[in-house]
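A short worksheet on the structure shown next.
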Amino acid sequence: MNRRVLLALTLIAGVAAAAPASAQMPSEINFGVLSTESQQNLKSRFTQLLADMEKALGVKVNAFFASDYAGVVEGMRFGKVQLAIYGNASAIVAVDRAGGEVFGQVLQQDGSDGYHSVLVVRQDGPIKDFETLRRSAGKYSFSNGDPNSTSGFLVPSYYAWALNNIDIKRHFTRIVASNHEANALAVANRQVDVATCNDEALRRLELGQPEMRKKLRVIWTSPLIPHNPLVWRTDLSPELKQKISAFLFDYGASRADKPAAKLAEERAALDAMKTGRFRASSNKQLIPLRQITLFRERMTVEADDKISAADKAAKLRDIDAKLKQLDREGATSS
């Protein structure tokens with residue numbers, strides 16, 4: 001045999017032998033689930049979905065239960081979990097440290113894919129829009145959200161105030177804080193001029209106290225705060241990824257060729273899990289929370305009086321550079 005041909009065949013064989021096992025279809029996979037209740041209850045809720053997935057993929061699908069998201073992330077990091085449902089914060093850790101990638105999203109039972117932080121004022125008051133508020137320093141009172149609230153505090157702190165160079169301590173004549181419902185009612189009852197809230201709380205207010213909801217005007221709405229992402233390991237084979245996404249994104253969907261009994265069974269399974277359907281997503285879903293997390297870090301650095309001015313300035317420059325990069329990445333998403 002020609003030496004060049006023999007060498008080429010040897011190299012090809014070597015490359016094939018070196019190909020990672022993860023590129024092949026596995027005999028079984030583990031689906032990571034956070035144990036928010038007893039494993040027995042969770043197992044019964046996920047049984048139908050996992051059984052249907054197993055049939056569609058042609059590989060065994062096991063539930064991997066952990067008492068916290070860290071356990072699921074570690075499972076993914078060490079190859080014991082191939083896909084999982086996370087919260088956005090834990091998904092960031094899975095993507096950054098465990099070889100994960102967002103490929104889908106869990107919708108709510110009403111079909112919504114997320115919610116928004118909002119600023120509300122009186123419908124008949126002098127503040128007609130956010131620009132009016134921005135130009136009116138020293139004129140109005142404000143009710144903020146709890147400091148641990150994502151939509152009541154963190155999201156507006158970054159997107160409404162920081163990005164518009166508004167220092168709320170100087171901008172408002174008086175600042176108090178409360179929960180979403182209390183904030184909305186405080187505005188409706190003329191106790192404060194503007195307050196944070198979220199659109200889910202406003203929908204509940206409309207159902208429970210529609211006369212109060214009619215008194216409110218939304219003058220600012222945040223970017224979407226997305227619901228839980230689906231994450232898989234990036235090293236799964238393309239064939240397996242295609243099968244997983246095709247199965248999940250069709251699950252519970254109405255199609256002309258899907259038997260009514262099968263559709264009813266799938267929707268009952270989703271109801272048992274207390275979720276809506278699944279849809280495609282990507283790592284860009286995590287950008288809003290990454291921005292919020294960095295902004296919280298920035299607030300901590302600014303308030304730290306134990307580091308030198310030079311170190312503080314350096315840390316703030318680094319955080320600001322990361323925030324600008326995320327702004328650029330977010331601007332390219334559609």
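The values are calculated or read from the model by the stated rules, or taken from the named source; none is laboratory data. For clarity, every value in this text was computed on a predicted model and none was experimentally measured. Ideal geometry is used to build each Cβ from the backbone, glycine not excepted, and the neighbour counts take in all protein chains shown.
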Of K55, K60, the only residue that is assigned by TED's automatic domain parsing to the domain that holds E266 and touching a residue at least 12 places away in the same chain (Cβ under 8 Å) is K60
Are there any pairs with C-beta distances below 8 angstrom linking a residue in the stretch 206-231 that is in a helix (DSSP H, G or I) and surrounded by fewer than 16 Cβ atoms within 10 Å (Cβ to Cβ) to a residue that is at pLDDT 95 or above and of a type outside the set (A, V, I, L, M, F, W, C), with the two at least 6 apart or on different chains, and if so which?
E206/R213
Can you tell me which of (1) part of a helix (DSSP H, G or I); (2) modelled with pLDDT of 95 or more; (3) in contact with a Pro (Cβ under 8 Å, 6 or more places away or on another chain); (4) not assigned by TED's automatic domain parsing to the domain that holds A184 is the one T132 doesn't meet?
(4)
Can you find even one residue in the stretch 187-200 that is part of a helix (DSSP H, G or I) and under 21 Å from the mean Cα position of the chain (by Cα)?
yes
Just give me the residues in the stretch 140-153 being within 12 Å of V118 (Cα to Cα) and under 19 Å from the mean Cα position of the chain (by Cα), in sequence order.
T150, S151, G152, F153
Output the residues belonging to the stretch 296-334 that are of a type outside the set (A, V, I, L, M), over 19 Å from the mean Cα position of the chain (by Cα) and over 18 Å from L163 (Cβ atoms).
T300, D304, D305, K306, S308, D311, K312, K315, D318
Assuming E266 fulfils every condition listed in (1) in the same structural domain as F103 (by TED's automatic domain parsing); (2) within 22 Å of the chain's Cα centre (by Cα); (3) not β-branched (V, I, T) apart from one, which condition is it?
(2)
Is it true that T196 is among the polar types (S, T, N, Q) and touching an Asp or Glu at 6+ places or on another chain (Cβ under 7 Å)?
no
Against the condition assigned by TED's automatic domain parsing to the domain that holds V81, closer than 23 Å to G87 by Cβ and surrounded by 15 or more Cβ atoms within 10 Å (Cβ to Cβ), how does R277 come out, does it pass?
yes
Report the residue count in the stretch 232-246 for those that are in contact with a strand residue (DSSP E or B) (Cβ under 8 Å, 6 or more places away or on another chain) and assigned to a helix (DSSP H, G or I).
4
Of the listed residues (V73, V95, V102, V120), the one being touching a helix residue (DSSP H, G or I) at 6+ places or on another chain (Cβ under 7 Å), not assigned by TED's automatic domain parsing to the domain that holds A246 and not aromatic (F, W, Y) is V120
Within the stretch 258-281, track down each residue that is modelled with pLDDT under 95 and in a loop (DSSP other than H, G, I, E, B).
K274, T275, G276
The residue from G79, G104, G75 that alone is in a strand (DSSP E or B) and not hydrophobic (A, V, I, L, M, F, W, C) is G104
Report, by residue number, each residue of the stretch 87-113 that is in contact with a Gly (Cβ under 8 Å, 6 or more places away or on another chain), crowded, with 23+ Cβ neighbours inside 10 Å and under 18 Å from S245 (Cα atoms).
A91
Taking the stretch 61-92 and keeping only residues that are within 25 Å of D113 (Cβ to Cβ) and of a type in the set (G, A, S), one is left with A63, A84, G87, A89, S90, A91
The one condition in (1) closer than 30 Å to R77 by Cα; (2) more than 22 Å from the chain's Cα centre (by Cα); (3) not hydrophobic (A, V, I, L, M, F, W, C) that Y251 fails to fulfil
(2)
For the stretch 86-134, which residues satisfy the criterion of being among the charged types (D, E, K, R) and under 12 Å from the mean Cα position of the chain (by Cα)?
D113
